[in-house]
1. Do we have Ser108 as in contact with a Ser or Thr (Cβ under 7 Å, 6 or more places away or on another chain), touching a residue at least 24 places away in the same chain (Cβ under 8 Å) and not hydrophobic (A, V, I, L, M, F, W, C) here?
2. Report whether or not Gly235 is of a type outside the set (A, V, I, L, M), within 15 Å of the chain's Cα centre (by Cα) and part of a loop (DSSP other than H, G, I, E, B).
3. I'm trying to understand the selection: among the residues of segment 296-326, which are crowded, with 20+ Cβ neighbours inside 10 Å and either assigned by TED's automatic domain parsing to the domain that holds Ile31 or β-branched (Val, Ile, Thr) (or both)?
4. With respect to Ile204, is the statement that it is under 25 Å from the mean Cα position of the chain (by Cα), outside any helix (DSSP H, G or I) and under 13 Å from Tyr253 (Cβ atoms) true?
5. Sort through Leu293, Leu256 and tell me the only one that's out of contact with any Gly (no Cβ under 9 Å at 6 or more places or on another chain), within 25 Å of Phe94 (Cα to Cα) and assigned by TED's automatic domain parsing to the domain that holds Gln206.
6. Any residue in segment 85-101 that's over 11 Å from Gln298 (Cβ atoms) and not assigned by TED's automatic domain parsing to the domain that holds Leu256: show its pairings with residues that are aliphatic (A, V, I, L, M) and in a loop (DSSP other than H, G, I, E, B) at Cβ separation under 6 Å, as long as the two are six or more apart or on different chains.
7. Show the residue pairs that are 6+ apart or on different chains and have beta-carbon atoms under 8 Å apart, the first residue being within segment 164-191 and over 21 Å from Asp230 (Cβ atoms), the second being modelled with pLDDT of 90 or more and part of a strand (DSSP E or B).
8. Taking the residues in segment 208-228 that are among the charged types (D, E, K, R) and within 18 Å of Ser247 (Cβ to Cβ) as candidates, determine which candidate is surrounded by the most Cβ atoms within 10 Å (Cβ to Cβ).
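The values are calculated or read from the model by the stated rules, or taken from the named source; none is laboratory data. This structure is a prediction, so every number in the text was calculated from the model and none was measured. In this analysis, Cβ positions are derived from the backbone assuming ideal geometry, glycine residues included, and neighbour counts consider all displayed protein chains.
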Amino acid sequence: MTAKYIKHVLQFKIPGGTSRGVLSEKDTYFIVIEGDNKIGIGECGLLRGLSVDDRPDYEATLVWVCKNIHLGKSELIKNLTEFPSIQFGIETAFKSWEAENPYELFPSEFTQGNGGISINGLVWMGDEKFMKNQISEKLNNGFTTIKMKVGAIDFDTELKLLQSIRASFSAQDITLRLDANGAFSFEEAKEKLNRLSELEIHSIEQPIKKGKWEEMAALCETSPIPIALDEELIGVFSDNQKEKLISTVNPQYIILKPSLIGGFYASEKWISIIEKNGGGWWMTSALESNIGLNAIAQFTYQKEVTMPQGLGTGSLYTNNIPSPLEVKQGTLYYNSNEKWNFSFIN
């Protein structure tokens, strides 16, 4: 068995605004393994400024992985605790190599084109006109759940946008999710959550910065809007720490991003813990290309989810990997009549 990695710089069609800045491109890395006349492909979805493994020795670690691919999946993953996105890439590359079809990691009705996954429509931060246009586009495309980034522009402007949605669409018509990416202070969060609650918000992700467990616990206990932990999960490696985080903060939901938390094995552990604690979860991409998104979607479908997932990122890039993934009426499908484009491997 041999392995190589390929760097690919994804280019956004429209720059995406978050509370951490505006994204116009994103580095990603593909691990390709070959042996026994088979090929396997995985994606190491590094997210600059957010991934815990965004560090100077990242590519050197990929070189080490490729040189030591003979160690096998379990041994490699065990040695890469501090590199969750590489763990995910290795896990999916081996899963791909073991499969009859390297792009069909979890065969199901989804991969046969007979089932879909309900997803939310993502609205990026920006000025009022830009955000209104995105909202209109999502509604016209059949989305019934919209996730809106908040915290980067004036809060009153964001509130007016949300009020304008609610003026036309009730909570039965449109589900509104918010993602603050840790933009609020603890004191701000309490007041803003109260104001937002009048708009029947489904949930808000990470209202304050990660690491403030006691403050987050206080918000989860008193907030009129259910709170979902997102960045809070990043860098929590041991099972004991995972248990401690959930029991301390007691969130209503957690958001799972395999590239940021260590792949599907770690996702399974988080799911077990949050469900035991009485909370819920949904899966979200971390802006991977279609290679990573495909793996996450297939894993998610076999969980028999009913809540809309955060898997609508495949259309963000001008140079994504052509794939059978497509979104229709707010649902992600795998069009089994379409083909993957292998040319990026060469």
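1. The answer is no for Ser108.
2. no
3. Those that are crowded, with 20+ Cβ neighbours inside 10 Å and either assigned by TED's automatic domain parsing to the domain that holds Ile31 or β-branched (Val, Ile, Thr) (or both): Ile296, Thr300, Thr313, Ile321.
4. yes
5. Answer to the selection: Leu256.
6. What qualifies is Ser85/Leu46; Ile86/Leu80; Gln87/Leu80.
7. Listed pairs, sorted by first residue: Ile165/Ile146; Ile165/Leu176; Arg166/Leu176; Ile174/Thr145; Ile174/Ile146.
8. By that ranking, first place goes to Glu215.
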